[in-house]
1. In terms of modelled amide H atoms, which long-range or inter-chain residues lie less than 5 Å from the amide H of ALA194?
2. Give a residue-ordered list of calculated ³J(HN,Hα) values for segment 129-134 (Karplus: 6.51 cos²θ - 1.76 cosθ + 1.60, θ = phi - 60°; whole Hz; x for Gly, Pro).
3. Compute the semi-axes of the equivalent ellipsoid of segment 1-106, taking the square root of 5 times each eigenvalue of the Cα gyration tensor, and list them largest first in whole Å.
4. Taking R0 as 45 Å, what's the FRET efficiency between GLU201 and ASP239 from their Cβ-Cβ distance, rounded to 0.05?
5. In vacuum, with every alpha carbon of the chain counted as one equal point scatterer, what does the Debye formula give for log10 I(q)/I(0) at q = 0.07, 0.13, 0.16 Å⁻¹? Two decimals, please.
6. Non-local amide H neighbours of ALA36 (under 5 Å, H modeled in plane, Pro and chain starts lacking H): which ones?
7. In vacuo Debye scattering of segment 160-211, one point per C-alpha: log10 I(q)/I(0) at q = 0.14, 0.23 Å⁻¹?
8. For segment 123-204, what does the equivalent ellipsoid look like in terms of its semi-axes, each the square root of 5 times an eigenvalue of the Cα gyration tensor, given largest first in whole Å?
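The values are calculated or read from the model by the stated rules, or taken from the named source; none is laboratory data. No experiment lies behind these values; they were computed from the predicted model shown. Reconstructed Cβ throughout: ideal geometry from the backbone, glycine too, with neighbour counts over all protein chains shown. In case anyone asks, the SASA skips ligands and DNA or RNA and just uses the protein heavy atoms, side chains included. Shrake-Rupley method; radii C 1.70, N 1.55, O 1.52, S 1.80 Å.
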Amino acid sequence: MAITVAFAGKGGTGKTTITGMMIDWLCKAGKGPVLAVDADANSNLNEVLGVEVETTLGEIREIIAASDMDDNTPIPPSMSKKEYLDYKFNTALVEEDDFDLIVMGRTQGKGCYCFVNDLLTAQLRKLEGNYKYMVVDNEAGMEHISRGILPSVNLIVLVSDCSRRGIQAVGRIAELCQEMKLGQEKIVLIVNRAPNGELNEGIKEEIAKYNLDLVGVVPQDEGVYEYDCDGKATCTLPDDNPARAAVNEIAKKLFS
């Protein structure tokens, strides 16, 4: 089964950018194939990776869940819900040379989604056997994992900016992960956007206060900002870019 790595952190910390760089490193290091899963409600991992997404699992789930109440359902009369999901699931999977991407999409609305979520869970369980790594970009609450839709986690990577409030936020996420009993073997911390790649003593004290395992610091970098502004995939930053180089070193530490 795939080794599942979940990235989490509050919005605006650069979590998705780091997730994309890690996926790119795994592919280039020959650790693939990799299944990238965008489980953040604000889905944009595809932009970091430079791929287009046709549909999301959330959109498929909404169609199936509403099919019993809507006479205009797009599900053909000759197809069961499971058969339709099998068909649509293939359109939701973006296939690249070294990785594939699937986007979970928005969280569910009103009504019971137990049946649909069970179908999605079965599909993902079947799919994960084709990959060495499943890398999941989560929202802070990691809803899809806590609901059991995604597999249990081997490694949780928390991403914070270099602020005291940011460290406090990931400290609370770490506590939440322990409470939810996700089964992770390890929880680590990456601090992003640090001036000159260094942390001051106050931030170090806050990290120690929450007993977080700091595995690396990524410097504030103008190149990341420029790529984002130009709409370029940030995972294509050159290896000598300071932020990219820092992420590569962290990846070697985690996955070599």
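1. Amide H to amide H, under 5 Å and 5 or more residues apart or across chains, ALA194 pairs with VAL218, GLN220.
2. Couplings: x, 8, 10, 7, 10, 10 Hz.
3. 30, 16, 11
4. Details: r = 31 Å, r/R0 = 0.69.
Approximately 0.90, to the nearest 0.05.
5. -0.25, -0.81, -1.17
6. Amide H neighbours of ALA36: ASP100, LEU101, ILE102, VAL135.
7. -0.37, -0.85
8. They are 28, 14, 10 Å, listed largest first.
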